[in-house]
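What follows draws every value from the coordinates through simple rules; no lab data is involved. If you're wondering where the values come from, they're calculated on a predicted model, not measured in any experiment. Here the Cβ is made from the backbone with ideal geometry for all residues, glycine too, and neighbour counts use every protein chain on show.
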Amino acid sequence: MTQNDDRDRAHPFPHSEEDVARADRTPDTPQTRAPAYRLAFTDRDFLLREELRPVRLQLELLKPQLVMDERGIETTVVMFGGARIPAPDKADQARTKTLAGLSKYYEEARVFARKMTQRSMASYGRDNVICTGGGPGVMEAGNLGADEAGGQSIGLGIVLPHEQAPNEYVTPDLCFNFHYFAVRKMHFLMRARAITVFPGGFGTLDELFETLTLIQTGRMKAIPILLFGREFWEGIINWQALADAGTISASDLDLVHFVETADEALSLIDGWDYDAC
């Protein structure tokens, strides 16, 4: 049921939009100009009060949920990765030599997203829909690959201090903007059937370890967590040292799988026993 479709309404009360329109036509008086007179759900100042934070959290969780439900999206494949990783044809503009070398993972992200989206289209775009953070770098590559396949993809953006528009390849009707990092993280994982993690910085590490912690503690069902670029990941994280120190269990090392190519990642996802997890 769309917002303006009253055919399935089960009560005789006026639609909220009707009362908004009526309120806009109210005579201009000192009483109607007073903030107290505004309809609560159209009162921006009221909705942004500190006491309304729980309501805003709920709304931010609910809005993308409703939109994705209406689009029929059931499962996603999440792509985390650095915003600074350039496309191969722009590698010469990278800030460091290492970043330039990591541009190969932009290409692998694009290919992975294209092939996964081709599969998704077999289920009419309901399953394995590519989901990124909606920004540049690896995120752009993921949305680009989905677009090249002719399918839809999701972008979960976040308001940042510096202005940043979503990349141009996110499906417009599935391009969301968040205030709360915590709610955004929930939407990354709520429908995820697999997590791919490409080289990145603090944000990528945060998303990776949030997911690992949820699975390790049994708060989330185990799904494939695929790290693109073993050399990169083993260079910045001494995984074995964590197990040797006893701060994680040796079996926790099995939560991550290293891959180098899109085809390797697809093969691991295909071989995953979801029923056993």
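For a test of the definition: using alpha carbon positions, the gyration tensor, and the 1.5 limit on a/c, classify the stretch 210-266 as rounded, prolate or oblate.
On the way: a/c = 2.49, a/b = 1.20, b/c = 2.07.
Here the stretch 210-266 falls in the oblate category.
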Could you work out how far apart the two model spin labels at GLN216 and GLU163 are, taking each label as a point 7 Å from the Cα in the direction of the beta carbon, and quote it in nm? 4.1
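Starting with the fewest neighbours, write out TYR274, TYR180 ranked by other beta-carbon atoms found within 10 Å of each beta-carbon.
Numbers: TYR274 12, TYR180 15.
Going from sparsest to densest Cβ surroundings: TYR274, TYR180.
Tell me the GluC sites (Glu not before Pro) within the stretch 172-277 that lie in a loop according to DSSP and have at most 16 other beta-carbon atoms within 10 Å. Walk me through the intermediate numbers first.
Values: sites: GLU207, GLU210, GLU231, GLU234, GLU260, GLU264; in loops: GLU260.
Loop-located and lightly packed - GLU260.
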Compute, for the chain, the length of the dipole vector about the Cα centre, with Cβ point charges of +1 (Lys, Arg) and -1 (Asp, Glu) only. Units Debye, rounded to 20. 460
So for the chain, if I pair up every lysine 8 or more residues apart or on another chain, how many of those pairs have alpha-carbons under 27 Å apart? 9
